[in-house]
There are 4 protein chains.
Amino acid sequence: MPEQGWASAITSVAPNEIRVRGYRIDELMGRVSFGEAVYLILRGELPGDAVGKLVEAMIVASVDHGVTPPSTLAVRNAATTGAPLNACLAAGALAVNKHHGGAVEDCMRLLSRGAARVQAGEAAAVAATALIGEEKAAGRRLPGFGHRIHTDDPRSHRLLTLAKEAGASGPHVAVAEAIVAALAKGGKALPLNVDGAIAAVLADLGFAPELANGFFILARTAGWMAHVAEELQREKPMRRIDQQACMYDGARPRELSSSR
Amino acid sequence: MPEQGWASAITSVAPNEIRVRGYRIDELMGRVSFGEAVYLILRGELPGDAVGKLVEAMIVASVDHGVTPPSTLAVRNAATTGAPLNACLAAGALAVNKHHGGAVEDCMRLLSRGAARVQAGEAAAVAATALIGEEKAAGRRLPGFGHRIHTDDPRSHRLLTLAKEAGASGPHVAVAEAIVAALAKGGKALPLNVDGAIAAVLADLGFAPELANGFFILARTAGWMAHVAEELQREKPMRRIDQQACMYDGARPRELSSSR
Amino acid sequence: MPEQGWASAITSVAPNEIRVRGYRIDELMGRVSFGEAVYLILRGELPGDAVGKLVEAMIVASVDHGVTPPSTLAVRNAATTGAPLNACLAAGALAVNKHHGGAVEDCMRLLSRGAARVQAGEAAAVAATALIGEEKAAGRRLPGFGHRIHTDDPRSHRLLTLAKEAGASGPHVAVAEAIVAALAKGGKALPLNVDGAIAAVLADLGFAPELANGFFILARTAGWMAHVAEELQREKPMRRIDQQACMYDGARPRELSSSR
Amino acid sequence: MPEQGWASAITSVAPNEIRVRGYRIDELMGRVSFGEAVYLILRGELPGDAVGKLVEAMIVASVDHGVTPPSTLAVRNAATTGAPLNACLAAGALAVNKHHGGAVEDCMRLLSRGAARVQAGEAAAVAATALIGEEKAAGRRLPGFGHRIHTDDPRSHRLLTLAKEAGASGPHVAVAEAIVAALAKGGKALPLNVDGAIAAVLADLGFAPELANGFFILARTAGWMAHVAEELQREKPMRRIDQQACMYDGARPRELSSSR
């Protein structure tokens, strides 16, 4: 192969000057939130304030879900063998796929089919009914709807509320809500789960479905770090990790102070 | 092995109620920043506002450093083979070690030796000189000092400034600065690099050194996502990736609007 | 979720007795080759002698291909950061995908479409022409044919010869050879590459396409180990790894002694 | 950084000619076993017949150990999320560490301290007693001795027998056996486990301790492939994997035919 030039538009690095999408990184530090920085590096421009906060909320929503998710079990099974932190986190990322975390991507593709119908003039309710029918005919489950534990996912409500407050809610959110309504009407109520809510918001923000599980991995890395730290502090090496035998013994239920 | 109970203090999950360290996750969403959520899940309590901003700034500082870091090359080499996003990110995490990203952990251990001396009554300058001597005698390089590209790392200055503004600067930052001063005095000036600055701040905030490379991985995951997306959009599969042949062709230098 | 039993048919473990597919592992040791053991654990029965040797030859064929494959570059980029061996090997496995190693799986699926036609009575040459036409019409490249370096892959010839000697060659090999002949006749000669040859042999042996990249990873793990060892012995940490700048300086060309 | 040449002594690749350590790979195929190829690529020379067989036996010994090892659980937890095979195998490799598989490396280092004493003229029994005392004084467990299930590991006996038959047994094996004898004499009988036996053999063959967990990963990759295949064939996605609830339902105990 001949020597070949190529180009990157993400970050320029010169002695004592690092610029992400054109902005000096030391100027971004302390002036933009991590959510805004994530948006910037992926999209090339800073979002407005409200969208930046929405991205942060979306990441906060995914920060942890206890010890039962397979990715967290992969992380803890690596930690119990003495794996270093980075290997534990990589094992977690490897267990984020189609059936865990991956519903975001599949749901984004589903909702974009619905959004296309809406943008072509169809009512969201009609589009929703059509999508449900198509998925049923194809023998597929609706990705982003239903949850093995939650009948009404509190994260979804909150995220859609924030999206509307941010003015970032569009046809994808509309179709997602119309699917929930159509399912309830049809007697097969399924909640929009957090994957589905994130899918709707990411799609209305214009993100590509291919990036979906990256947001989950990024957010959950914080949770996995906590699980590794706890595993090392509280447990013996090479133990059998049975998620059913795990009790919660942390802080009691409490509320954020009203000042926030 | 008999069936054995165990406990976790991180997240409680009940139908329609998820609590991280006692707080409802849907209440956290939109009310705390991701930096605050990371602090909360790792430490058990929410930080004050200023510390939350400092954690965000620390993560923003690590979000990307162009195409040359080995972890980014591992990510792009995985992407060019058609690897899914989560596998690319895992490959990146696996290339964060002793010589790349790992200086944070080593530097935290170094600075904590210095901080112990300071807390025992020694002046930071004296402790710094002692540490430099010990490392030299042991034939070790000072982790967190010096950079292959930057003679004066702009991220370090900014981060220490923010730490001081947040009132979060303590003996570890003092020792780090004293080492820079002592090296300059001794005619072997080496800048505090971003790993060293993060190490000083993390240590003064009370984080365990074992978690250090997790912060880097968490932050850099955003950058790796951007590199995977760009690789897929702009390059052909199975290409030879030569970092020296890469030109930056992104946004021109620009400044944040003064309103931020 | 209720407590649920499940079963595995692979290995039974009792105090001082480990049986793989029913055979004591200590009886297998020294009496069956690794190729036979791999066949046994995946298929449930030991292969005949000739097939066992064929499996070994197939693994030997994939043991290494120098420094340019992206997976080997991912391994070396991890090693240069100080990653432990297992993390380097995992990074390598993560860079085995559709465009590198993955052609085996795609080619198995292609050849099985051809084998189905042959088994339904069609001549291999006719089936081959049909497949070429279908792939061309779909705008797909033929997986397993052509190579960026080799115009005539020596590993493919050898492997097909061994398959025939073992009496293990069937319709998949026949279709693969017919595709090569049809391409040459059509003026667009492309060699069967090692991925294609392995695909043909694996398929005629009755392996599932889903396992294909596992054989490659298993074999190449040996090569990756050699690259990690060499990286640590000969190179400095955190170096820039440019595969174009690499010279071979190992043993001169030599032949196996005739006694083998 | 200036453009810098470097060299590799492993594999030369020219159009239509691939040579591993000087031998044409197509000549190796079918003429050397995988064990011999592994030895060749790591050491630069082919082993004698007996040593080649010993390496194969060592790999066969590690091919699987049922569903309870943490690495296999990491593999199955990845598989249940829908992870592709290569990601499952990488997750397995990441869970091979100090406490699982890693005893080989630690035991090699222990035995090499003993072998040095033996080579300096000390009796193996004396060296063994000294090592036991040193480890006890340091509060360390003896790596490679004892097993959570087996009181007498059948793989260890077989491997040492094969090593002796191959004339490949040396001071490391002698010290390992002397440690077992000394422990029994002292009333604290612990068997040499398979990790310890592999450690003794690898060390007497002259392999570097740093490569130890690579042999385990290479061998166990075959077992992990079987577990992924079984998970996909027999189980539903996103299931809770409880190793205690797993029954063996495979082939009944059987013996190799006497002809082998």
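FYI, it's all coordinate maths here, none of it is from the lab. Just so it is clear, the structure is predicted and the values come from calculations on it, not from any experiment. Cβ placement follows ideal geometry from the backbone for every residue including glycine, while neighbour counts extend to all protein chains displayed.
Aspartates and glutamates near A:Lys53 by alpha-carbon distance under 20 Å, same-chain residues fewer than 8 away left out - which ones?
Candidates past the 8-residue exclusion: A:Glu27, A:Glu36, A:Glu45, A:Asp64, A:Glu165, A:Asp195, A:Asp204, B:Asp26, B:Glu27, B:Glu36, B:Asp49, B:Glu56.
Considering the options D:Gly30, D:Leu131, D:His150, tell which one lies farthest towards the positive end of the dipole of region D:12-152, charges being +1 on Lys and Arg and -1 on Asp and Glu at the Cβ, about the Cα centre.
Projecting each Cα onto the dipole axis, the largest value belongs to D:Leu131.
For Cα pairs less than 8 Å apart in space and 6+ apart in sequence, what is the mean separation divided by the residue count of chain D, i.e. the relative contact order in percent?
Over chain D, the number comes to 24 percent.
Determine the shape class of chain D: with a ≥ b ≥ c the square roots of the Cα gyration tensor eigenvalues, call it rounded for a/c under 1.5, and otherwise prolate if a/b is greater than b/c, oblate otherwise.
Judged from the Cα gyration tensor, chain D comes out oblate (a/c at least 1.5, b/c at or above a/b).
Which residue is it, in chain D, that holds its beta carbon closest to the axis of the D-onto-B rotation, and how many whole angstrom away?
Nearest to the symmetry axis by Cβ: D:Ala87, 3.
Name the shape class, rounded, prolate or oblate, that the alpha-carbon gyration tensor gives for region B:141-194, where a ≥ b ≥ c are the square roots of its eigenvalues, rounded holds for a/c under 1.5, and otherwise prolate holds if a/b is larger than b/c and oblate otherwise.
The shape class here is oblate.
Using a 10 Å cut-off on Cβ to Cβ distances, tally the other chain neighbours for every residue of A:211-217 and report the average as a whole number.
5
Just to check, using Stokes-Einstein with a Kirkwood Rh over alpha carbon pairs, what's the diffusion coefficient of region C:1-94 at 4 °C and 1.567 mPa s in µm²/s?
Taking Rh from Cα pairs, D becomes 79 µm²/s.
For a quick protection proxy, order the peptides B:114-127, C:73-86 by their average other-Cβ count within 10 Å, most packed first.
For the peptides B:114-127, C:73-86, the packing ranking is C:73-86, B:114-127.
Could you work out the Kirkwood radius for region C:120-238, taking every pair of different alpha carbons, averaging 1/r and inverting it, reported in Å?
This gives a value of 16.1 Å.
If the label for C:Ala7 sits 7 angstrom from Cα along the Cα-to-Cβ line, what are its distances to the same label in every other copy, in nm to one decimal, shortest first?
With the label placed 7 Å along Cα→Cβ, C:Ala7 yields 4.0, 6.0, 6.2 nm.
Which order do the peptides C:14-26, C:187-199 come out in when sorted by mean C-beta neighbours inside 10 angstrom, highest first?
Answer by packing, highest mean first, reads C:187-199, C:14-26.
Mind listing the label-point distances from C:Gln244 to the same position on all other copies, shortest first, one decimal in nm, points 7 Å along Cα→Cβ?
Nearest first, the other copies' label points are 0.9, 5.9, 5.9 nm away.
Restricting to the protein assembly as shown, compute how many DSSP beta bridges are antiparallel as a %, nearest 5.
So the antiparallel bridges in the protein assembly as shown amount to around 60 percent.
What whole number of Å gives the distance from the Cα centroid of region C:65-91 to the Cα centroid of region D:1-80?
15 Å
Among the listed pairs A:Lys98/A:Lys188; A:Lys236/D:Lys185; A:Lys164/A:Lys185, which are separated by more than 26 Å between their Cα atoms?
Among A:Lys98/A:Lys188; A:Lys236/D:Lys185; A:Lys164/A:Lys185, the Cα-Cα distance tops 26 Å for A:Lys236/D:Lys185.
Classify region A:205-247 as rounded, prolate or oblate from the Cα gyration tensor: take a ≥ b ≥ c as the square roots of its eigenvalues, call it rounded if a/c is under 1.5, otherwise prolate when a/b beats b/c and oblate if not.
Note, shape of region A:205-247 comes out prolate.
Near B:Leu159, within a Cβ-to-Cβ distance under 15 Å, what is the net charge of the other residues, with Lys and Arg +1 and Asp and Glu -1?
Its environment carries a net charge of -3.
What does the helix-only formula give at 222 nm for chain A: each DSSP H stretch with n ≥ 4 adding -39500 (n - 2.57), the total divided by the residues, and the result rounded to the nearest 500 deg cm²/dmol?
-17000 deg cm²/dmol
Once amide H atoms are built 1.01 Å from N in the peptide plane, which residues 5 or more positions from B:Phe145, or in another chain, come under 5 Å H to H?
Residues meeting the amide H criterion: B:Asn193.
If you find the alpha carbon centre of region A:190-235 and of region A:128-184, how far apart are they in angstrom?
17 Å
For peptide D:233-241, compute the average count of partner chain beta-carbon atoms within 10 Å of each residue's beta-carbon.
Counting other chains' Cβ atoms within 10 Å and averaging over D:233-241 gives 5.
Using C-alpha positions alone, give me the convex hull volume of region A:66-184 per residue in cubic angstrom.
Per-residue hull volume (Cα only) is 130 Å³.
Ordered by residue, what ³J(HN,Hα) values in Hz, to whole numbers, does region A:6-19 give under the Karplus form 6.51 cos²θ - 1.76 cosθ + 1.60, where θ = phi - 60° and Gly and Pro are x?
8, 9, 9, 10, 8, 9, 9, 10, 10, x, 6, 8, 10, 10
Estimate the FRET efficiency between B:Arg141 and A:Lys136 by the formula 1/(1 + (r/R0)^6), using the beta-carbon distance for r and 45 Å for R0, to the nearest 0.05.
The computed FRET efficiency comes out at 0.10.
What dipole magnitude, in Debye to the nearest 20, does region B:10-165 give about its Cα centre under +1 on Lys/Arg Cβ and -1 on Asp/Glu Cβ?
380 debye
Counting DSSP beta bridges in region A:1-157, what percent are antiparallel, to the nearest 5?
90 percent
How crowded by other chains is C:176-183, given as the mean number of beta carbons from other chains within 10 Å of each beta carbon?
What the average comes to for C:176-183 is 0.
Below 16 Å, Cα to Cα, which aspartates and glutamates can B:Lys136 reach? Residues fewer than 8 away in the same chain don't count.
Within reach: B:Asp106.
Between the label point of D:Asp49 and that of the same position in each other copy, find the distances and list them shortest first in nm, with every label point placed 7 Å from Cα along the Cα-to-C-beta direction.
Result for D:Asp49, in nm, nearest copy first: 1.3, 8.3, 8.3.
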